[in-house]
1. If N is the number of residues in the stretch 53-152, what value comes out of its Cα radius of gyration divided by 2.2 N^0.38 Å?
2. For the stretch 36-112, just list the percent of Cα-Cα distances falling in each 5 Å bin from zero outward, please.
3. Given the peptides 115-124, 73-82, arrange them by the average over their residues of other C-beta atoms within 10 Å, most packed first.
4. Checking the table LYS74/LYS162; LYS110/LYS163; LYS74/LYS156 against a 23 Å threshold on Cα-Cα, which pairs fail?
5. Just the accessible area for ASP152, please: 1.4 Å probe, Å², rounded to the nearest 10?
6. For LYS40 and GLN113 in one chain, what is 0.36 nm times their gap in residues minus the Cα-Cα distance, to one decimal in nm?
7. Compute and list, largest first, the equivalent-ellipsoid semi-axes of the chain from the alpha carbon gyration tensor, each √(5λ) rounded to a whole angstrom.
8. Could you list, in their original order, any pairs among LYS40/LYS159; LYS36/LYS132; LYS40/LYS149; LYS40/LYS76 whose Cα atoms are separated by more than 22 Å?
Amino acid sequence: MNKKTLFCLQDALQLRSYQSSDLPNLGKLFYETIHKVNQKDYTPEQLQAWAPTITPAAWHERFLHTFTQIAVLKNKIVGFGNLEQMGYLDCLYVHHAYQSCGIGTAICDKLEQYAMQQGAQQITVHASITAKPFFEHRGYVLLQEQLVKRNDVFLKNYKMQKKRIPILFKN
């Protein structure tokens, strides 16, 4: 672990389920993370197309009907992620000021654990250029490079997958 990770995690990171009162903070975190963290890999036009603003009602429904985890550090939401029923990792965002602190890893660990408990044989994600190395480090493999259209603008992402690895027991 690096010094930044130790600094961030010395404060007790808590993971909890989504609450409707989280929505304003999640919208702000989503927007700021994309516009600050992903700016090295995407143009301003692409960032605006990807994260113009959120639609609160749609996001609320999305989080209510998926396994959604909120990362809280010192009473502040510092990340969130959600997983759909069939093992699709829909969102994973960490506050721009808390990158490389282990928060994304903690959220992803919880989402993957839940997927396996639900019997998912694999987990699929559509990773941004920025997030691709994170998922590769976790054992996800590239299935396909994609160009997706958001608000009439094309963005590159990667369809990636992590297969369930059966645990072998020895006597």
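1. Computed over Cα atoms of the stretch 53-152, the ratio equals 1.10.
2. 3, 14, 20, 22, 22, 15, 3
3. Averaged packing, sorted descending, gives the order 73-82, 115-124.
4. LYS74/LYS162; LYS74/LYS156
5. Per-residue accessible area (ASP152): approximately 130 Å².
6. Here the answer is 23.2 nm.
7. Equivalent ellipsoid semi-axes, largest first: 24, 21, 17 Å.
8. Over 22 Å apart, Cα to Cα: LYS40/LYS76.
The values are calculated or read from the model by the stated rules, or taken from the named source; none is laboratory data. Remember, it's a predicted structure, so these values are computed and weren't measured experimentally. So basically every Cβ, Gly included, is an ideal-geometry build from the backbone, and we count neighbours across all protein chains shown. Each accessible area value is taken on the protein alone, full model and side chains, heavy atoms only, with ligands, DNA and RNA left out. Shrake-Rupley method; radii C 1.70, N 1.55, O 1.52, S 1.80 Å.
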